[in-house]
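K.L.:
Please see the structure below; I have some questions.
The values are calculated or read from the model by the stated rules, or taken from the named source; none is laboratory data. In this text the structure is predicted, and so the values were computed from the model without any measurement. Positions of Cβ are generated from backbone atoms using ideal geometry, with glycine treated the same way; all protein chains shown enter the neighbour counts. Ligands, DNA and RNA are stripped out before the accessible areas are found, and what is left, the full protein with its side chains, is counted by its heavy atoms. Shrake-Rupley method; radii C 1.70, N 1.55, O 1.52, S 1.80 Å.
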Amino acid sequence: MALIYPYNYISITSSPLSQTQMEHNVDGLIREMVTGRHWSEQALAGMLGNAQLESSINPGRYQNDVYNPQDGVGLLQWTPGVNYINWCQETQTTLWSTMDSAITRVQYEFDNGLQYYPTAAYPLTFAQYVQSTMQPSYLARAWSFNYERPAAYDEARAHYATAWYIYITGHVPIPVPTSTPKLNIPLYVGADLI
């Protein structure tokens, strides 16, 4: 599947990207994922919060910056990395270390019900996640537990997601209630106001 909006992404083999380089890659992802594939800005920000922690939004990154076929590789640190690399070769996708390959893989997983599995704590399906307008911090946690499944969760993912949402939209996220708000209605017992 070809990219909808071809973009010149930065991919430096296994080194962290600077903030400016990450922003450059995010600019392309906004065009591709939000405009082209209709992800919500909140969903993209949630994924980006994870991608920043996993790879510094560098699609050419190795886990720990050293190639080990059993460790993670790429934008989302697919593990074991050799499976993702082999998939890229088998599908004749561009090199595994490109953003094009990462986007193609995420779309493939979406289309085929792979990698993203709802949990009891975050029951959103992949399709619901992609369209969600919930808080970017909540969606970062959902992506982490439903997609990444790290050995240890780091709340930095949620903070990064909020920062990426602000970058993408120029606005601080509006709080979305997670439960039914309580109505401020006075209670009466007999004729007395409580």
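K.L.:
With a Cα-only, solvent-free Debye model of the stretch 52-91, what are the log10 I(q)/I(0) values at q = 0.31, 0.32 Å⁻¹?
P.N.:
Cα-only, vacuum Debye calculation for the stretch 52-91: -1.00, -1.04.
K.L.:
A follow-up question, please. Enter the accessible area per residue of the chain (Å², integer; probe 1.4 Å; all protein chains in place).
P.N.:
That works out to 52 Å² for each residue.
K.L.:
Per the Kirkwood formula on distinct C-alpha pairs, the Rh of the stretch 1-102 is how many angstrom?
P.N.:
13.6 Å
K.L.:
Which entry is the computed Cα extents along the principal axes in Å for this structure: (1) 77, 32, 29; (2) 121, 35, 25; (3) 59, 34, 31?
P.N.:
(1)
K.L.:
Taking 25 Å as R0, compute the FRET efficiency from the Cβ-Cβ separation of residue 127 and residue 174 and round it to 0.05.
P.N.:
The value I calculate is 0.60.
K.L.:
Sum up the charges of everything whose Cβ sits under 14 Å from the Cβ of residue 125, counting Lys and Arg as +1 and Asp and Glu as -1, but leave residue 125 out.
P.N.:
-2
K.L.:
Now, a different point. How large is the dipole of the stretch 54-141 about the Cα centre if only Lys and Arg carry +1 and Asp and Glu carry -1, each at its Cβ, rounded to the nearest 20 debye?
P.N.:
Taking the Cα centre of the stretch 54-141 as origin, the dipole is about 200 debye.
K.L.:
About the Cα centre of the chain, what is the dipole size in debye to 20, counting +1 per Lys and Arg Cβ and -1 per Asp and Glu Cβ, all else neutral?
P.N.:
My answer is approximately 220 debye.
K.L.:
Under the definition of Cα pairs under 8 Å and six or more residues apart, what whole-number percent is the relative contact order of the stretch 1-77?
P.N.:
33 percent
K.L.:
Using helices alone, I'd like the mean residue ellipticity at 222 nm for the chain: each DSSP H run of four-plus residues gives -39500 (n - 2.57), total over residue count, nearest 500.
P.N.:
-12000 deg cm²/dmol
K.L.:
Which one of 58, 146, 68 has the biggest mean-square fluctuation once the chain is modelled by GNM with Cα springs under 10 Å?
P.N.:
Fluctuation is largest for 68.
K.L.:
When the accessible area of the stretch 74-175 is computed with all protein chains present and a 1.4 Å probe, what percentage of it is carbon and sulfur?
P.N.:
Accessible surface attributable to carbon and sulfur in the stretch 74-175 totals 57 percent.
K.L.:
Taking 8 Å as the Cα distance limit and 6 or more residues as the minimum spacing, I'd like the relative contact order of the chain as a percentage.
P.N.:
The value is 23 percent.
K.L.:
So what is the relative contact order of the stretch 77-174, in percent, for Cα pairs below 8 Å that sit 6 or more residues apart?
P.N.:
Result for the stretch 77-174 is 16 percent.
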